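For reference, the structure is listed below as structure tokens.
The values are calculated or read from the model by the stated rules, or taken from the named source; none is laboratory data. Keep in mind it's a predicted model, so treat the numbers as computed, not measured. Cβ coordinates were reconstructed from backbone atoms using ideal geometry, including for glycine residues, and neighbour counts include every protein chain displayed. What goes into the accessible areas is simple: the full protein's heavy atoms, side chains included, and nothing from ligands, DNA or RNA. Shrake-Rupley method; radii C 1.70, N 1.55, O 1.52, S 1.80 Å.
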Amino acid sequence: MKLPFLGVDFVVEALGEDDVRHLPALHAEDFVRPWTTHEFASLLEQDPVFGFAVRQVGTRNNALAGFVLARLVAGEGEILTIAVARAHRRRGLGRDLMEAVLRELHAQRAEALFLEVDETNAAASALYRRLGFREVARRPAYYEHTGTTRRTDALVMRRDLR
Ligand SMILES: CC(C)(COP(=O)(O)OP(=O)(O)OC[C@H]1O[C@@H](n2cnc3c(N)ncnc32)[C@H](O)[C@@H]1OP(=O)(O)O)[C@@H](O)C(=O)NCCC(=O)NCCS
């Protein structure tokens with residue numbers, strides 16, 4: 001898929017082995033405890049785990065602009081993590097990554113897709129709601145925030161795929 005945006009093209013593809021070493025830096029842009037290269041590699045070795053990358057066409061090695069990791073177990077999909085580089089947000093790339101996961105799960109005849117999101121993460125919550133996810137549970141005080149005792153709830157969201 002090619003997405004023309006202000007003269008910049010992006011392409012969504014299956015995440016490859018060469019991408020793994022680039023994932024921690026992108027993850028660290030927002031996550032308090034970013035996953036390491038080893039953690040990403042171990043996850044991707046697991047059979048039910050799959051992922052997609054969105055790349056900026058025409059840059060050196062088609063630089064990674066975002067990625068999503070998901071898994072499918074017993075007919076239910078789960079988003080493990082998703083991130084789009086700050087420089088490329090609000091261009092529809094997060095939506096395109098989520099739609100790539102949804103297409104894969106439809107092809108695998110999954111029944112539903114679940115995810116967890118911090119109740120204060122307005123951007124991610126808005127993206128998920130726009131894609132038809134609805135809150136089905138809440139994990140109180142689930143997320144810690146560095147340098148403060150503040151804790152925020154996790155919303156568990158679900159989208160039916162049948
Ligand atoms: C959440 C995230 C992946 C969204 O990626 P993105 O590429 O910027 O999102 P998109 O451009 O595809 O947005 C699609 C829609 O989501 C909603 N949305 C996205 N970002 C938003 C924001 N900051 N505020 C309000 N709505 C937002 C909008 O409805 C948007 O459509 P619009 O631009 O036509 O209004 C990105 O903000 C990110 O990487 N955040 C840090 C990591 C993170 O929080 N991951 C999720 C953990 S659960």
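The figures follow:
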quantity	calculated
Dipole magnitude of the range 1-147, debye to nearest 20 (Cβ charges: Lys/Arg +1, Asp/Glu -1, about Cα centre)	620
Cβ-Cβ FRET estimate between Arg60 and His145, R0 fixed at 30 Å, reported to 0.05	0.25
Among Asn61, Thr81, Ala41 the positive-end extreme of the charge dipole of the range 1-113 (Cβ point charges)	Asn61
Share of carbon and sulfur in the accessible heavy-atom surface of the chain [1.4 Å probe, %]	48
Average accessible surface area per residue within the range 28-87, 1.4 Å rolling probe, Å²	54
For the chain: relative contact order, % (alpha-carbon pairs under 8 angstrom, 6 or more apart)	17
The chain: Cα Rg divided by the 2.2 N^0.38 Å rule of thumb	1.03
Label-point gap, in nm, between Glu135 and Glu76 - each point 7 angstrom along Cα→Cβ	2.0
